[in-house]
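Working notes, structure below.
The values are calculated or read from the model by the stated rules, or taken from the named source; none is laboratory data. All of these numbers come straight from a predicted model, not from anything done at the bench. Note: ideal-geometry Cβ built from the backbone for every residue, glycine included; neighbour counts use all protein chains shown. In case anyone asks, the SASA skips ligands and DNA or RNA and just uses the protein heavy atoms, side chains included. Shrake-Rupley method; radii C 1.70, N 1.55, O 1.52, S 1.80 Å.
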Amino acid sequence: LYLGTDELPALWDEFVSYLATKLGVSPVKTNSGPRSTSKQCSNERICRSGYNFKYPTYREGYEKLIRSYLAKEH
């Protein structure tokens, strides 16, 4: 059993800020996001197994979704 993470683990606020910037909106501050802890996930083991991520980080994956969404808006 593997608990997977991409190449760029991010805090919730970083993720929300990234999406807001890409969508051209102001980020909304909430208290409902995942809490930051001292625990960190690593994908080293799954990568050593030979697995390759289609999108190495959340940014590449969301870029495709955002482009698709914005194309439909215009």
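Would you list, by chain and number, the aspartates and glutamates whose Cα falls below 12 Å from the Cα of K54, excluding same-chain residues fewer than 8 positions away?
D6, E7
For the pair Q40 and E73, how long in nm is the line joining their label points, each one 7 Å along Cα→Cβ?
So the two model labels end up 3.4 nm from each other.
Which percent of the accessible heavy-atom area of the chain goes to carbon and sulfur, probe 1.4 angstrom?
Carbon and sulfur atoms account for 54 percent of the accessible area of the chain.
Write down the accessible area per residue of the chain in Å², having rolled a 1.4 Å probe over the full set of protein chains.
Result: 87 Å² of accessible area for each residue.
Given contacts defined as C-alpha pairs under 8 Å and at least six residues apart, what's the relative contact order of the chain, whole-number percent?
Values: 38 pairs, mean separation 32.7, N = 74.
Relative contact order for the chain comes out at 44 percent.
Let me know the longest stretch in the chain that avoids all chymotrypsin sites (Phe, Trp or Tyr not before Pro) found in a DSSP loop with at most 11 other C-beta atoms within 10 Å.
Answer from the scan: 3-50.
Regarding the chain, what whole-number volume in Å³ per residue does the convex hull of its Cα atoms give? List each step's numbers first, then the result.
Numbers: hull volume 8.5 nm³, N = 74.
Taking only Cα atoms, the chain has a hull volume of 115 Å³ per residue.
Do any trypsin sites (Lys or Arg not before Pro) in segment 40-74 lie in a DSSP loop with no more than 11 other beta carbon atoms within 10 Å, and if so, which?
Counting only loop positions with at most 11 other Cβ atoms within 10 Å, the trypsin sites (Lys or Arg not before Pro) in segment 40-74 are K54.
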